[in-house]
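Visitor: Below you'll find the structure I mean.
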Amino acid sequence: MATDYNAAKPHTASPAFFFHLGDVIYGPGKDNAYRGEFYEPYVHYPGKIVAIPGNHDGEVFPKSDPATLKAFLNNFCAAAPSVPAIAGTIFRQTMNQPGVYWLLNAPFVDIVALYSNAAENPGFIWGAIPGPAQKAWLIQTLKTIGTQRKGGQRKALIFATHHPPYTAGGHSPSTEMLADIDDACNKGGLMPDMFLAGHAHSYQRYTRDLTFNGRALQIPYLVAGTGGINDQAVHSAAGKPKTGDHTFESSLQGYGYLLIEANSTTLTATMFQVDVKSTTIPKKKSLFDQVKVDLAHGTVS
């Protein structure tokens, strides 16, 4: 990822930021693990890093982590950016995200980031324990974006959760979570142009076909869990028939990352595979998969 970044031209020839899809830290002692599991691995990445928490970020250990999400909140939702003591001589400031779910209003894209909570499976955005606040916020956020679109601001819309709505390896799909998100979309009046998730340690791409407000839409659902603690086996997408409303298009067991580009007409996600056996530094990478969304027509290619 660092090779995509030109530190001399951060605004014109570099990614705007890196979006971490959750499970930043595994296991107990999360406060003390941030140096070895976050600050050191990304020491050579010059850009900002924003994130949603995964289930492991929210897990509780009575002795070392009695309060859910404490370490995540300290490092990504600080009151003001500052270099934390745990980072030592590594200069990376904490982020000051407003919470564990948020809206990023960028020039060509709105990103709606949701917290799918601490269960291993399935994910959920509301319920008896977390309450109704996140889903209510999502509905209102979509209504606000819809009002902006009526004023001529048609930007791409990306949703992100840690738990994937669709997956063919590593974990089970979170179908009830997707139903709740669909319900919020119906009440808020908008569907996303692209959906990102992690959790499963593989790359997977699906195309969802649906009719929304009388209009046929194709939406790519991407699982980008290829940068973490280990890779997991995933079924091949080759020759898979359509299941319900979605088609399994592509999969990869291995390591890599997504590079997402947005402009006024198109949203593009490119998957780069990284060869971990490569002896070069940085490791060799190659283009593995790409999907483009035509924003005007709601189609993918």
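Visitor: Please determine, by comparing only the residues of region 253-287 that are in contact with a Lys or Arg (Cβ under 9 Å, 6 or more places away or on another chain), aliphatic (A, V, I, L, M) and closer than 16 Å to Ser202 by Cβ, which one is most open to solvent (accessible area, probe 1.4 Å).
Guide: Val276
Visitor: Report every pair of residues separated by at least 6 positions or lying on different chains whose Cβ atoms are under 9 Å apart, first residue within region 157-183 and under 14 Å from Gly225 (Cα atoms), second open to solvent by less than 10 Å² (accessible area, probe 1.4 Å) and of a type in the set (D, E, K, R).
Guide: His162/Asp57
Visitor: Tell me, which residue of region 64-88 that is open to solvent by 40 Å² or more (accessible area, probe 1.4 Å), assigned to a loop (DSSP other than H, G, I, E, B) and of a type in the set (Gly, Ala, Ser) is nearest to Pro98 (Cα to Cα)?
Guide: Ala79
Visitor: Scan region 225-235 and give yes if some residue there is outside any loop (DSSP other than H, G, I, E, B), of a type outside the set (D, E, K, R) and either open to solvent by 60 Å² or more (accessible area, probe 1.4 Å) or at pLDDT 95 or above (or both), otherwise no.
Guide: no
Visitor: Identify, by number, the condition in (1) under 16 Å from Val112 (Cα atoms); (2) touching a Leu at 6+ places or on another chain (Cβ under 8 Å); (3) not basic (Lys, Arg) that Tyr203 doesn't meet.
Guide: The one condition Tyr203 does not meet is (1).
Visitor: For the subset of region 3-47 comprising residues that are farther than 22 Å from Pro282 by Cβ and in contact (Cβ under 8 Å) with a residue 40 or more places away in the chain, which member is farthest from the chain's Cα centre (by Cα)?
Guide: This residue is Asn32.
Visitor: Looking only at region 264-299, which residues are over 20 Å from Gly228 (Cα atoms), touching a residue at least 24 places away in the same chain (Cβ under 8 Å) and assigned to a loop (DSSP other than H, G, I, E, B)?
Guide: Within region 264-299, Ser264, Thr265, Leu295, Ala296, Gly298 meet the criteria.
Conditions tested, residue by residue: (1) free of Cβ contacts under 8 Å to residues at least 12 places away in the same chain; (2) touching a helix residue (DSSP H, G or I) at 6+ places or on another chain (Cβ under 7 Å); (3) of a type in the set (A, V, I, L, M); (4) at negative phi.
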{"residue": "Pro62", "(1), (2), (3), (4)": "yes, no, no, yes"}
{"residue": "Asp65", "(1), (2), (3), (4)": "no, yes, no, yes"}
{"residue": "Thr68", "(1), (2), (3), (4)": "no, yes, no, yes"}
{"residue": "Ala71", "(1), (2), (3), (4)": "no, yes, yes, yes"}
{"residue": "Ala78", "(1), (2), (3), (4)": "no, no, yes, yes"}
{"residue": "Ser82", "(1), (2), (3), (4)": "no, no, no, yes"}
{"residue": "Phe91", "(1), (2), (3), (4)": "yes, no, no, yes"}
{"residue": "Met95", "(1), (2), (3), (4)": "no, yes, yes, yes"}
{"residue": "Pro98", "(1), (2), (3), (4)": "no, no, no, yes"}
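Visitor: Please verify whether region 158-176 includes one or more residues that are at pLDDT 95 or above, open to solvent by 10 Å² or more (accessible area, probe 1.4 Å) and outside any loop (DSSP other than H, G, I, E, B).
Guide: Among the residues of region 158-176, at least one is at pLDDT 95 or above, open to solvent by 10 Å² or more (accessible area, probe 1.4 Å) and outside any loop (DSSP other than H, G, I, E, B), which makes the answer yes.
Visitor: Restricting attention to region 16-44, which residues are assigned to a strand (DSSP E or B) and either of a type outside the set (A, V, I, L, M, F, W, C) or in contact with a Ser or Thr (Cβ under 6 Å, 6 or more places away or on another chain) (or both)?
Guide: Within region 16-44, His20 is the sole residue that qualifies.
Visitor: Here's a follow-up. Check Gly47, Gly99 and return the single one that is open to solvent by less than 30 Å² (accessible area, probe 1.4 Å), closer than 29 Å to Leu190 by Cα, of a type in the set (Gly, Ala, Ser) and outside any strand (DSSP E or B).
Guide: Answer to the selection: Gly99.
Visitor: Could you figure out which of (1) assigned to a loop (DSSP other than H, G, I, E, B); (2) within 24 Å of Leu287 (Cβ to Cβ) isn't true of Thr247?
Guide: Failed condition: (1).
Visitor: For region 43-81, how many residues are at pLDDT 95 or above and of a type in the set (Ser, Thr, Tyr)?
Guide: 2
Visitor: In region 204-215, is there at least one residue being within 18 Å of Asp289 (Cβ to Cβ) and part of a loop (DSSP other than H, G, I, E, B)?
Guide: The answer is no, given that none of the residues of region 204-215 is within 18 Å of Asp289 (Cβ to Cβ) and part of a loop (DSSP other than H, G, I, E, B).
The values are calculated or read from the model by the stated rules, or taken from the named source; none is laboratory data. Computed from a prediction, not measured in an experiment: that's the story for all the values here. Here the Cβ is made from the backbone with ideal geometry for all residues, glycine too, and neighbour counts use every protein chain on show. Remember, those area values only see protein heavy atoms, side chains included, never the ligands or the DNA or RNA. Shrake-Rupley method; radii C 1.70, N 1.55, O 1.52, S 1.80 Å.
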